[in-house]
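Below is one structure; the comments refer to it alone.
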Amino acid sequence: MNRRKIIAVLAITAGAALLATTATALSRGDDPAPPAPGAAVVRSDVQRTVTAAQERLKRVPGDAATWAQLGSAYVEQARITGDPSYYAKAQGALDTSLRHKPDGNGPAHLGLGALANARHDFATARDQAELARAALPDTAEVYGVLADALTQLGAADEARAAVQRMLDLEPGVPAFTRAAYDFEQRGDVDSARLALTRALDASPSPADTLFCRYHLGELAFDNGDLDEASSQYEQGLLIDPLDPALLQGRAKIAAAWGNLNDALTGYADLVARVPSPQYLHEYALLLQVAGRTEDATRQFDLLAQQERLLAAAGSTDELATSTAAADRGDSATALATAEREWNRRQHPLVADALAWALHLAGRDAEAIGHADRAAGTGWRNATFAYHRGMILRALGRTQEAADALGSALKINPHFSPVDAPAARAALVGLR
């Protein structure tokens with residue numbers, strides 16, 4: 001399964017670091033001891049930040065800094081709960097902060113940038129990060145929010161410069177994980193792994209360790225190393241046995257190893273707790289593979305409902321909508337949403353989605369240019385290679401198609417429970 005979700009997770013890292021600072025600033029000497037590592041550790045930390053901020057605002061309702069801290073905490077709550085209603089709360093708190101301090105309010109602009117990234121409004125996120133940078137030019141978190149926005153807007157060189165500035169200011173988990181993603185997009189997997197390992201070594205908290213273990217697992221999985229991926233996920237689950245991302249990794253490994261029933265059970269439990277679009281989509285695909293068509297349709301319907309909820313909360317992710325529509329067989333929606341997303345931002349993931357949607361619409365002569373653009377970054381992405389191979393096959397460019405499909409299966413033989421078998425079948429036909 002492709003990694004379109006990774007930047008959405010990375011975008012929260014700066015927010016998490018900001019929340020850690022906030023929690024310290026708002027704590028009192030008689031606070032209870034932090035919870036032991038476990039399922040509630042991140043949620044508990046964020047909730048304590050929210051509670052402390054709310055209590056302070058009862059006493060000092062005009063405190064702009066605390067309103068900004070509360071808004072950032074709500075952004076994090078949206079992430080860990082999958083509940084988009086927190087976006088409106090975050091917006092309200094951050095806007096209130098700006099009303100109390102309209103000029104030079106770097107924390108409020110930083111929070112608004114993180115919120116915009118979470119809503120996939122990357123142009124707004126970039127603009128808010130620039131406002132935050134003007135007020136806080138030597139604050140690492142600012143460059144994290146800026147780098148996330150620029151990355152998704154397709155401004156790779158500018159994003160890399162922002163990551164480098166972040167590394168210069170504070171070489172910790174948020175900077176190293178963003179550096180890893182930059183390396184990965186350029187096809188430098190060894191450097192990406194090294195950066196994530198450095199992030200793991202620098203992890204100051206269980207939450208950061210979980211984050212690094214998951215992404216080390218994802219990097220291994222996406223490059224076909226199931227044993228290493230499983231090891232990373234399981235080491236993380238020793239710290240938090242109920243972490244959703246790590247449980248998703250475990251279920252994905254089960255599917256790759258052919259343990260379909262275990263994978264389906266894992267995903268069923270996961271979507272019952274965290275009905276995020278990503279998990280619902282992946283579960284629907286596995287149900288299709290298992291021949292449970294009605295159940296798969298039900299999950300796709302739930303996915304559509306969740307996307308409507310996100311849209312009502314101000315979040316627009318037409319890349320995810322296009323990908324889900326393509327997998328569901330709705331080529332018209334896949335193309336319309338991919339074209340709209342491409343008009344907003346030219347990231348390789350969007351180029352790939354548009355290429356595939358054009359292919360499904362029978363417009364392969366147009367599709368190949370976008371597929372070539374996605375592949376041109378050097379990213380070792382099996383989904384990119386598979387889509388490009390199928391487009392080349394449709395164009396009658398047989399040898400190039402075989403090379404691309406072979407590359408997809410070499411990068412990761414288990415990249416998708418649906419598309420990997422299709423790649424093998426197409427390759428046999430070509431040969």
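Residue by residue, the stretch 46-51 carries 3J(HN,Hα) couplings of 5, 5, 5, 5, 4, 4 Hz when phi is fed to the Karplus relation 6.51 cos²θ - 1.76 cosθ + 1.60 (θ = phi - 60°); x denotes Gly or Pro. The chymotrypsin sites (Phe, Trp or Tyr not before Pro) found in the stretch 229-287 that occupy coil by DSSP, while having at most 15 further C-beta atoms within 10 Å, are 257.
GNM on the chain, C-alpha springs below 10 Å: top fluctuator among 109, 100, 215? The residue that fluctuates most here is 100.
Would you please give the FRET efficiency between residue 260 and residue 158, computed as 1/(1 + (r/R0)^6) with r the Cβ-Cβ distance and R0 = 41 Å, to the nearest 0.05? Before the final figure, lay out each step's value.
Values: r = 43 Å, r/R0 = 1.06.
Once rounded, the FRET efficiency stands at 0.40.
Could you tally up the Lys pairs in the chain with alpha carbons closer than 22 Å? Skip any pair fewer than 8 positions apart unless they're on separate chains. Show your work: numbers first, answer last.
Values: 5/252; 58/89; 58/101; 89/101; 252/410.
Within the chain, the lysine pair count is 5.
Against the set (i) 72, 40, 39; (ii) 74, 63, 45; (iii) 59, 44, 37, the structure's computed Cα extents along the principal axes in Å falls on (i).
Rule-based calculations on the coordinates, nothing more; no lab input. Just so it is clear, the structure is predicted and the values come from calculations on it, not from any experiment. Positions of Cβ are generated from backbone atoms using ideal geometry, with glycine treated the same way; all protein chains shown enter the neighbour counts.
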